[in-house]
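This report concerns only the one structure given below.
The values are calculated or read from the model by the stated rules, or taken from the named source; none is laboratory data. On a predicted model such as this, the values are computed, not experimentally measured, just so you know. As a convention, Cβ positions derive from the backbone with ideal geometry for all residues, glycine included, and neighbour counts pool all protein chains shown. For the accessible areas, the whole protein counts, side chains as well, though only heavy atoms, and no ligand, DNA or RNA atoms are used. Shrake-Rupley method; radii C 1.70, N 1.55, O 1.52, S 1.80 Å.
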Amino acid sequence: MPIFTQNDTSLYYEDIGSGQPLLLFHGLTSSSAMFYREINFFRTKRRIIALDSRGHGHSAKPGSYSLDDHIEDAAALLDYLELDSVDILGVSMGSYIAQGLAARRPERVRKLLLVATKSHGEQSSMAELFERHAEDFNGISIHDKLDKAQGYMFHRLTAVKKWQEKTAQNSPQLTMEQQGIASNALEGFDLRPKITGITAETLVISGRYDELNPPDRGRETAQLIQHASFMEFKRSGHAPNVEQPRLFLGIAENFLDD
């Protein structure tokens, strides 16, 4: 397995194909395996590099870390692979990492595709969702909360569950403790002062029915980035790339190849 070490933490990544590099950053508690559809689509046209963020997938799982650690890991990967110009696709948590990397290394990011994103949060998006709908979540176990939350997160739940099952077959699953550590890493972040310095052409995509990172959060992010456009998928929730995959891949291809 391709692995590099950053600050004594072993990080796994996929490196497939050739051409203009496209970096993929996955969502919270998931892994690079979630991008099986995107990898298959782009692998004949591009060099695909998909990182398992620390605490996720095949990468090491420290007892604590932060969003800034994720961003530093991504920057270290650029240096390790000697990548001078990259395009980036980040989904949910991965979109926060993508924003941070594009702000930290603006000269090395050509295009930026942010999906189901936001630019700040006092606590994790899931904790915010639980608070917004406290009457529906109070008094039930965390397992039941997470299961019930999917109805608020996704519009095409059957398609999402099939995708989740396939992803789970190809990546180690996190324990509840590891999920908690991963979620805590996203508490109290604010990228707004930094992303105004992003120079990459940017496309932000949100799903109309996403109550985890609602479209207004994506729109706010797009407004803060100099060369950004915003698009709302009308039949999607928190996973536009899964809930409307053909539309997503077509738009992604057009945007990245332009």
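When the Cα positions of Val91, Ala159, Tyr80 are compared along the charge dipole of the range 44-202, Ala159 comes out farthest toward the positive end, with charges on each C-beta of Lys, Arg, Asp and Glu. Accessible surface calculations at 1.4 Å, restricted to protein heavy atoms, place the chain at 43 Å² per residue. The order of Ile16, Ile142, Ile49 by accessible area, most exposed first and with a 1.4 Å probe, is Ile142, Ile16, Ile49.
Of the options Ile195, Val242, His26, report the single residue whose Cα projects farthest towards the positive end of the charge dipole of the chain (beta-carbon charges: Lys, Arg +1; Asp, Glu -1). The residue sitting most towards the positive pole is Val242. Identify all aspartates and glutamates with a Cα-Cα distance to Lys161 below 18 Å; exclude those on the same chain that are fewer than 8 residues away in sequence. Result set, ordered by chain and number: Glu38, Asp144, Asp147, Asp210, Glu211, Glu243. When a 1.4 Å probe is rolled over the protein heavy atoms, the share of accessible surface on the chain that falls to carbon and sulfur comes to 45 percent. Looking at the square roots a ≥ b ≥ c of the eigenvalues of the Cα gyration tensor of the range 1-123, which shape do they give, rounded for a/c under 1.5, prolate if a/b is larger than b/c, or oblate? Because its axes are fairly even, with a/c under 1.5, the range 1-123 counts as rounded. Of Lys45/Lys148; Lys61/Lys166; Lys118/Lys145; Lys61/Lys234; Lys145/Lys166; Lys166/Lys194, which pairs sit farther than 29 Å apart, going by alpha carbon to alpha carbon? Result: Lys45/Lys148; Lys61/Lys234; Lys166/Lys194 exceed 29 Å. Counted over the chain, the DSSP beta bridges are approximately 30% antiparallel. Here the Karplus curve 6.51 cos²θ - 1.76 cosθ + 1.60, taken at θ = phi - 60°, turns the phi angles of the range 189-206 into couplings of 9, 8, 8, 4, x, 8, 6, 5, x, 5, 10, 5, 5, 10, 10, 10, 10, 10 Hz, with x standing for Gly and Pro.
Per residue of the chain, the DSSP helices (runs of n ≥ 4 H) give a summed -39500 (n - 2.57) that works out to -12000 deg cm²/dmol at 222 nm.
Close amide H contacts of Arg110 (hydrogens built in the peptide plane, cut-off under 5 Å, sequence separation of 5 or more or a different chain): Val86, Asp87. Centre-to-centre, using Cα atoms only, the range 39-108 and the range 212-235 are separated by 20 Å.
About its Cα centre, the chain has a charge dipole of approximately 800 debye under the convention of +1 per Lys or Arg Cβ and -1 per Asp or Glu Cβ, with nothing else charged. For volume of the Cα convex hull per residue in Å³, the value computed from the atomic coordinates appears in the list (1) 140; (2) 174; (3) 114 under label (3).
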